[in-house]
1. For the chain, what is the calculated [θ] at 222 nm in deg cm²/dmol (nearest 500), taking -39500 (n - 2.57) for each run of four or more DSSP H residues and dividing by its residue count?
2. Could you tell me the relative contact order of the chain? Use alpha-carbon pairs under 8 Å, at least six residues apart, and round to a whole percent.
3. Could you state the per residue volume, in Å³, of the convex hull enclosing the Cα atoms of the chain?
4. Enumerate cysteines in the chain without a disulfide-compatible partner, where compatibility requires another Cys Cβ under 4.7 angstrom.
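Values quoted throughout were computed directly from the atomic coordinates according to the rules given, and no laboratory measurement underlies them. What you see is a predicted model, and the numbers here were worked out from it, not measured in a lab. Glycine also receives a Cβ, built like all others from the backbone with ideal geometry; neighbour counts cover every protein chain displayed.
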Amino acid sequence: MIVCLCRGVPEQTIQRVIASGARTVDDVSRICGAGSDCGACYRALAEMVREAEGAVCAAGDRT
Ligand code: FES
């Protein structure tokens, strides 16, 4: 699924960018361009970043 229509960036690319170390929407935008145009995808990007952060925190809670 394309998350950022302006830049044509699919969900898989954004997930890969987050997995490689992006921690904010600005990081994601800088790396792959998603969110750097009209901003309509900002909420979706923020949610993906937040979910990834939650997954890391949840994993950290178990250790
Ligand atoms: S849809 Fe992502 S910047 Fe426009």
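1. Details: 3 runs with 37 residues, N = 63.
Result for the chain, helices only: -18500 deg cm²/dmol.
2. On the way: 63 pairs, mean separation 20.2, N = 63.
In percent, rounded to a whole number, it is 32.
3. Numbers: hull volume 4.3 nm³, N = 63.
Roughly 69 Å³ of hull volume per residue.
4. Cys6, Cys32, Cys38, Cys57
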